[in-house]
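Each value in this text was obtained by applying a stated rule to the coordinates, not by laboratory testing. Model, not experiment: these values are computed from the prediction. All Cβ positions, even for glycine, are placed from backbone atoms using ideal geometry, and neighbour counts span all protein chains on display.
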């Protein structure tokens with residue numbers, strides 16, 4: 001199991017409209033000596049590769065990827081899987097990163113359409129979002145550079161040596177492209193759009209004066225057609241060669257740069273770490289050894305946008321067929337909205353959520369009854385592929401997808417640990433994934449992702465009001481190639497866990513940015529066995545030892561010496577890191593609180609239905625009935641607010657979603673406290689006893705109003721951000 005980039009996680013069950021005869025495929029492949037006739041074929045469909053449906057074909061000993069034409073009537077020249085096969089066959093011997101092609105089948109009797117088979121790249125990363133969420137700014141830059149370098153490598157290949165005679169038509173590429181995409185668009189258009197006609201005319205009237213350069217061009221070069229190495233900024237496979245041909249290479253470059261020119265509302269170029277257009281052009285031209293002045297760039301950008309519009313128009317009928325035949329649509333009722341319609345999970349998110357629910361029912365809840373958990377649950381969890389679901393770059397899930405899953409794990413206090421999704425490790429893993437160096441990732445992130453070690457986060461201090469994080473006094477000063485750390489921390493959750501091997505410590509460096517309050521702090525990795533690290537005492541919560549995950553400890557750092565390489569991102573970057581860390585972490589806390597509240601309400605209703613006072617059931621007393629109603633109202637309100645914040649995180653990023661995150665942090669903790677308190681009240685003395693989980697649940701819920709910042713700090717942030725937004729509205733009206 002590789003926690004960094006399992007490509008199989010991108011698959012789903014085969015959609016109904018794309019199913020084919022697996023037995024016929026087995027017979028065909030065994031005849032080609034690729035599999036044994038006695039093998040069992042399993043087929044899953046990739047969630048990407050929608051133009052030409054893409055499938056993972058597995059036997060007990062081997063695996064392949066199959067690309068086929070979609071079913072139904074197709075436009076002439078579209079979905080040419082034969083071209084994909086031919087170009088990959090030509091490129092593979094050159095060392096250019098493409099999956100090895102194995103065979104091309106034109107016999108539609110086998111699976112209903114033409115198809116080809118290629119190598120299965122088992123480990124890697126595909127980014128469907130050009131902003132590359134979930135990676136550090138430095139890695140984001142490196143990934144962009146790697147993509148441009150591999151594009152330049154493609155355009156530098158000797159076309160004559162590739163044995164692709166007749167693959168393209170040579171010079172005059174731009175005019176052919178405008179004509180082709182105009183015809184394709186007109187053939188698929190369902191209504192007249194004047195802007196498209198005007199753009200087509202403009203392109204034909206503004207063809208580049210020189211259109212003689214001819215190289216192999218990809219035709220659809222973008223991030224979601226690239227597979228990157230699981231841990232390195234390196235392209236290991238370029239996919240989807242359907243639109244490849246020979247012609248003008250600058251069309252590929254402009255297509256890749258196109259999102260830099262999208263409306264600012266897409267928040268693409270504002271993402272930290274994405275190189276500028278000028279930088280990417282400079283890198284590309286240096287790799288190819290050509291001048292960096294590109295006078296016809298505007299034409300190629302306009303052509304790229306025109307082509308995208310044409311593709312979208314062609315795919316519209318396919319989208320409508322898929323939508324109208326999908327399970328979600330067929331299950332709809334005219335009687336009212338169905339659950340989750342406002343914040344729909346992806347198909348993968350829904351499938352993983354159901355897996356988590358089934359897993360918890362079968363393994364986690366029975367373990368809860370004996371107040372223990374074992375490594376067996378984690379082993380089963382690993383085998384089920386339900387590991388590290390919180391990290392988008394690893395799981396392939398969005399924050400919205402994971403929010404629903406976090407709610408499920410909130411039904412059991414130790415469930416997050418079973419899935420390696422427990423705090424503070426999730427936040428620490430996010431920090432290392434987004435901001436850590438390659439060495440830091442290798443040494444600490446990878447074992448954390450595998451669940452081999454645990455970690456803690458040391459920020460809050462006993463001697464200062466830590467709700468104002470600029471008060472932090474733990475010092476960091478450089479001594480040659482080392483840093484020396486001195487200070488006291490407390491509420492370091494998980495520090496007492498025997499598997500806790502490293503801490504991320506927030507320190508203050510007074511020599512840095514003395515007049516900038518938020519520029520004085522740094523985060524540094526400190527191995528727990530470093531001399532001078534002392535676990536002073538475990539702290540109790542409401543007088544009870546909260547040791548389920550390793551307790552909360554006071555930790556002293558006395559002349560602790562660590563290498564300079566242990567600094568994360570750089571000196572003075574502590575608050576920038578904290579902003580990236582706390583957004584998703586707070587979201588997870590809040591959705592777990594929703595799950596906890598659902599459990600508390602369930603216990604409340606069970607108790608109210610089973611106990612009698614004054615001649616009637618508890619729920620028949622109006623005060624209890626109203627309490628139940630208020631709990632349901634608050635849970636639903638908080639869930640919707642939290643899902644809204646999750647979508648904001650996915651679409652806007654942590655910084656732009658600060659107000660939404662602050663709101664849910666206040667609302668979820670208040671709601672959970674209220675619901676659990678009501679459940680305790682209905683249980684009477686049993687509610688505060690150890691016979692029910694409610695007392696421990698209340699301890700968690702009440703602590704949530706302080707952890708990651710008290711309510712009052714978040715309320716101040718909400719007010720400030722609201723006033724800012726109102727001011728923008730007022731200025732816009734003026």
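Angle between the Cα long axis of helix 347-359 and the longest principal axis of the chain, 0 to 90 degrees, nearest 10?
40
Quick check on the chain: of the DSSP beta bridges with both residues there, what percent are antiparallel, nearest 5%?
Taking every DSSP beta bridge within the chain, about 90 percent pair in antiparallel fashion.
For the ranges 175-183, 667-675, what's the packing order if you count other beta-carbon atoms within 10 Å of each residue, average per peptide, and put the highest first?
667-675, 175-183
Could you calculate the FRET efficiency of residue 625 with residue 656 from 1/(1 + (r/R0)^6), where r is the beta carbon distance between them and R0 is 51 Å, rounded to 0.05?
Result of the calculation: an efficiency of 0.75.
By how many degrees, between 0 and 90 and to the nearest 10, does the Cα long axis of helix 194-205 differ from the longest principal axis of the chain?
50
Roughly speaking, what is the stretch gain from residue 206 to residue 529, that is 0.36 nm per residue apart minus the C-alpha to C-alpha distance, in nm to one decimal?
109.5 nm is the gain from fully extending residue 206 to residue 529.
Give the Rg (one decimal place) followed by the Dmax (whole number) of region 137-321, computed from C-alpha coordinates and expressed in Å.
Gyration radius and largest Cα-Cα distance of region 137-321: 16.9, 47 Å.
Along the Cα→Cβ direction, 7 angstrom out, place labels at residue 544 and residue 44. What is the inter-label distance in nm?
Between residue 544 and residue 44, the label points sit 3.9 nm apart.
Could you tell me how many degrees, from 0 to 90 and to the nearest 10, lie between the Cα long axis of helix 22-31 and the main elongation axis, the longest principal axis, of the Cα atoms of the chain?
60
Quick check: convex hull over the Cα atoms of region 7-119, volume per residue in Å³, rounded to an integer? The partial results should precede the final answer.
On the way: hull volume 12.7 nm³, N = 113.
In region 7-119, the Cα hull volume divided by residue count equals 113 Å³.
How do 628, 680 line up, fewest other C-beta atoms within 10 Å first?
Fewest to most other Cβ atoms nearby, the residues stand as 628, 680.
Measure off 7 Å from each Cα along the Cα-to-Cβ vector at residue 286 and residue 719, then give the distance between these two points in nanometres to one decimal.
Here the modelled spin labels are 5.1 nm apart.
Is it possible to state the helix-based mean residue ellipticity at 222 nm for the chain, with each DSSP H run of 4+ residues giving -39500 (n - 2.57), the sum divided by total residues, to the nearest 500 deg cm²/dmol? What is it?
Mean residue ellipticity at 222 nm (helix-derived): -14000 deg cm²/dmol.
Report the extension gain between residue 308 and residue 730 in nm, rounded to one decimal, defined as 0.36 nm multiplied by the number of residues separating them, less their alpha carbon distance.
Gain on extension, residue 308 to residue 730, equals 148.2 nm.
If you average the alpha carbon positions of region 523-573 and of region 582-643, how far apart do those two centres end up, in angstrom?
36
Can you sort 236, 305 so the residue with the fewest Cβ neighbours within 10 Å comes first?
Ordered by Cβ neighbours within 10 Å, fewest first: 305, 236.
Using Cα pairs closer than 8 Å and at least 6 residues apart in sequence, work out the relative contact order for region 7-119, in percent. It would help to have the intermediate numbers written out before the result.
Values: 180 pairs, mean separation 25.9, N = 113.
RCO, region 7-119: 23 percent.
What's the center-to-center distance, using Cα atoms, between region 71-149 and region 170-234 in Å?
18
Report the gain in length on full extension from residue 122 to residue 477: 0.36 nm times residue separation, minus Cα-Cα distance, nm rounded to one decimal.
123.4 nm
What Kirkwood Rh does region 577-733 have if only Cα atoms enter the pairwise 1/r average? Answer in Å.
For region 577-733, inverting the mean 1/r across all distinct Cα pairs yields 16.9 Å.
With r as the distance between the Cβ atoms of residue 19 and residue 711 and R0 = 45 Å, compute the FRET efficiency 1/(1 + (r/R0)^6) and round to 0.05.
0.30
Using Cβ contacts closer than 10 Å as the measure, can you line up 509, 276 from fewest to most?
With the sparsest Cβ surroundings first, the list reads 276, 509.
Work out the FRET efficiency for residue 189 and residue 463 from their Cβ-Cβ distance, taking R0 = 60 Å, and round it to the nearest 0.05. Please report the intermediate quantities before stating the final value.
Values: r = 70 Å, r/R0 = 1.16.
Once rounded, the FRET efficiency stands at 0.30.
Using mean Cβ contacts within 10 Å as the protection proxy, how do 196-204, 94-102 order, highest first?
Top of the packing list down: 94-102, 196-204.
Where the eigenvalues come from the Cα gyration tensor of region 450-568, what are the semi-axes √(5λ) of the equivalent ellipsoid, largest first, in whole Å?
24, 18, 11
How many nm separate the modelled label positions at residue 129 and residue 167, each set 7 Å beyond the Cα in the direction of the Cβ?
With each label point 7 Å from Cα toward Cβ, the separation is 3.5 nm.
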